[in-house]
Every structure is written in C-alpha cells, then in structure tokens.
1. Against the longest alpha carbon principal axis of chain B, how many degrees, from 0 to 90 and to the nearest 10, is the axis of helix B:2-11 turned?
2. With a probe of 1.4 Å, find how much accessible area segment A:132-227 has per residue, and write the answer as a whole number in Å².
3. Going 7 Å from the Cα of residue A:156 in the Cα-to-Cβ direction, what parts of segment A:78-101 have a backbone nitrogen less than 12 Å from that spot?
4. Helix B:75-85 versus the longest principal axis of chain B: what angle, 0 to 90°, nearest 10, using Cα atoms?
5. May I ask you to derive the FRET efficiency for residue B:100 and residue B:36 from their Cβ-Cβ distance with R0 = 30 Å, giving the value to the nearest 0.05?
6. Largest first, how would A:64, B:135 line up by accessible area (1.4 Å probe)?
7. Could you calculate the FRET efficiency of residue A:164 with residue B:181 from 1/(1 + (r/R0)^6), where r is the beta carbon distance between them and R0 is 35 Å, rounded to 0.05?
8. Give me the summed buried accessible area for the B-A pair, 1.4 Å probe, to the nearest 100 Å².
Amino acid sequence: MRAARWQLAVTLLVTATAGPARAAPRLLEEELRLGEPALSVAGGEEGRPAETPAPGREKPAPPRLDFDLLGAPAPAPKVDEGALRLRRTMLSWHQGAGLALLALQLATTVVGQLNYSDRFAGGPSTGRYELSHKVLAYSTLGLFAIDGSLALLAPSPVRRDEGFDRVTLHKIAMFTAAVGMLAQGILGVVTREREGYLNQSQLATIHLAVGYATLAAVGVGVGALTF
Amino acid sequence: MPSLLASLLLALSLAPGSSYSVDPSASALRFRVVHKFHTVHGQAGQLEGRALAREDGTVAVMVRVPLATLRTGVANRDQHMYEVLEVGKYPYVVFKGVGRLGPGGDLPAGPLTLDGQLDLHGVEWPVSVPVTVERRPDGALRARGEFVISLDSFRIERPSLLFVKIEDGCRIDLDLVLREERR
C-alpha cells in the first residue's frame, strides 16, 4: 500500500515537470505554421537562455521614425476652441430646430389650405380650422425667430469667404423665408380684419400663395445643407 | 535616343544622400468622407514635405499639413471640422514613413510602400502607404498614393448631419511633386 502511494506520487511529479517541456515544441510548431516569427527576442531574461529567431523567418524591424526632415513648424494661427465649441452647440440646436420648423411650416400650410378651402371654396364656412391654423402659424413664427437667432448669434472664430456655397444658398433661402413669414403675419391679420369685405377672398388667396412660397423657401434652405 | 534611355534608367533610382522637397504649388492632398446623404471632398491648402534617400538603402519621408488649411468648399462645415479636429490643440497632421529601395537606390517597378505613422489629433497610428513614384520630364518626382484612416482610431468625434454620423473611414489621396534639393 505504501509502495503504491510512493509510485503514484512519483508519477504525478514526473507528469507535472514534463508537461511544459512537451508543450513548448507544440507551440513552436503552431507559431511556425501560422507564419509568425517563432521567437524574435534576441536577449533572454536572467536565468533563461537567449532566444534566437527562426532562420529565414525574421520579421523586419519596424522602421525607426526618430527623424525630423522638416524642422519646427511655423506657429499655427490661434483658434478660439471655446468659440468653436459654442458655435457647434448652437448650430446643432439650430439644425434640430430647423427640422422642427420645416415640420411646423408644412403643418401650418396644410391646415392653412384646409382653412382656405373651408372659408372660400364654396359651401357653408365652418371655421373649424381657424384656431389650429392660428396656433400653428404663431408657433412657426416663434420657432423661426428662435432658430434664426441661434444661427445669427453663433460665434464664427474662423471667418472665411468661400464664395457661393451651400451655406450661401441656405442663407438666401432662409432670408426669403423670413420675408415670407413676415408677410404672412401681416397678411393673416389683414385678411382676418377684412371679414365681410369683398376683397377678403383675394387677400386670402395671396396669403395662401405666399404660404406655399415660404414653405418652398424653408424646404430649399434645409435641403441645401442636407443633400 | 541613347540620352533618353540613359535618363530613363537614371530616373529609376535615388542616389543615397539625395533629398527632395515637396513643391506645394504642384502638389495636392485630398481627403474624402462619406455621409449617408452625400460624399464630402476636401483638400489641404498648404503642405510641406521632404524625402531623403539614405545610405542604408531606404528613403525617409515626412509630410506635414496645417489642419486649419483643410477646405471642403463649405466654410460652415470647415469650422465644424476644425472643432472636431481640435486644431487649436493639435494644429498639424504629420506623416513619417520609411520605404525600402532596391539595390543601388532603385525605385521598385510597382508601388513603394512607406511604412510609418500618422500623427493626427494627438494620436500616433501606424500606417502603410503604397505610393507610385515616377520621374517627370522636368526631373521632378511625382508620388501618388492613397490610404484610408479610421477617424475613431484617432479619437476624432465624427461629425453628424441630421443626427447621422459620417462613416469612420476617411480616404486620403496624395499627389506630390518632389524636386531635388541642391546639395
């Protein structure tokens, strides 16, 4: 019994010490098969033999890049990064508000068309679209003012003139839209005050046409920066 | 005819110790990023660079571009670009690379691969740039190549339009004219 225990202990000891020795050549074979340099370290650690690269499979050393062919660069122009960040934040809000504005403008125009048809296309006028059109119109006007302010007040630390570009087209379209919205506000009030007069229908038609033109201008303004 | 043949043969090698500098007026560095709605093309307004053929049979190349000179044709977009590139903090993009020439400084028949690194936005990232080099009739070298970098790898926040970010890959095209410097 005691002899059997000793035999087991010796067997375990031999297996434990022989394991890594058998594993190392297998690892070496796998590395060679993968095409990697087997061992590329020339100097060994203390207590270990120096490892040499596999013959003919030496990986070329990475190029030394500790050269400077150009010398010190000229001092770069100072850029106000805080202003750039603020500009980006404001224009991100401007972008989001612009998309909401397009949706509001579209809704105002659709409801405005429904209101016009209800009032002037013949048949009894119900007036059921008047309040919603009014709320949408003032919301559009308010959002337009906020959105425009965000763009106009955003700092521009790197001023440059690129000639006629997409932003120029955007600005022209949004200026046209601003004129249209101002005209819409005035025309809307004037049209409402002409209740019972013969020219109310004509004013309403002009109001409708300017509404479509304003919607088109907003569409061009958004599209200029999107596509 | 023999002189033309001789010049062509000479044209295929770089003498050790010879150096070339980039002619900025004849050279271009362009880049391209892709958004779902459109592709944006841009280019550098200024660039400087030099190449040096070394005694060990390699050619060392260095190119530097001030980021504030990058243009995409839309001033507003450029300002966004400067902001994400943090040009105030990291004003330059610098490429350093080394290519291995053939015996006697011969340029390879195919592309010459420049192994090196790109320093952009405070991050140094290894890149391999294959360039095709040819000798122009006026004796200058023309090197053309392209490679793609990952904006995420350089920790550059990708700009977005309509809440959709541009793609991660930014393709860079080089078309450099290098003139030999007098020793």
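The values are calculated or read from the model by the stated rules, or taken from the named source; none is laboratory data. Since this is a predicted model, take the numbers as computed values, not measurements. Neighbour counts run over all protein chains shown; Cβ positions are idealised from the backbone, glycine included. Note: areas computed on protein heavy atoms with side chains; ligands, DNA, RNA excluded. Shrake-Rupley method; radii C 1.70, N 1.55, O 1.52, S 1.80 Å.
1. 50
2. With all protein chains present, segment A:132-227 gives 57 Å² per residue.
3. Label zone hits: none.
4. 80
5. Efficiency at R0 = 30 Å is approximately 0.15.
6. A:64, B:135
7. With R0 = 35 Å, the Cβ-Cβ based efficiency is 0.30.
8. What B and A bury together is about 3300 Å².
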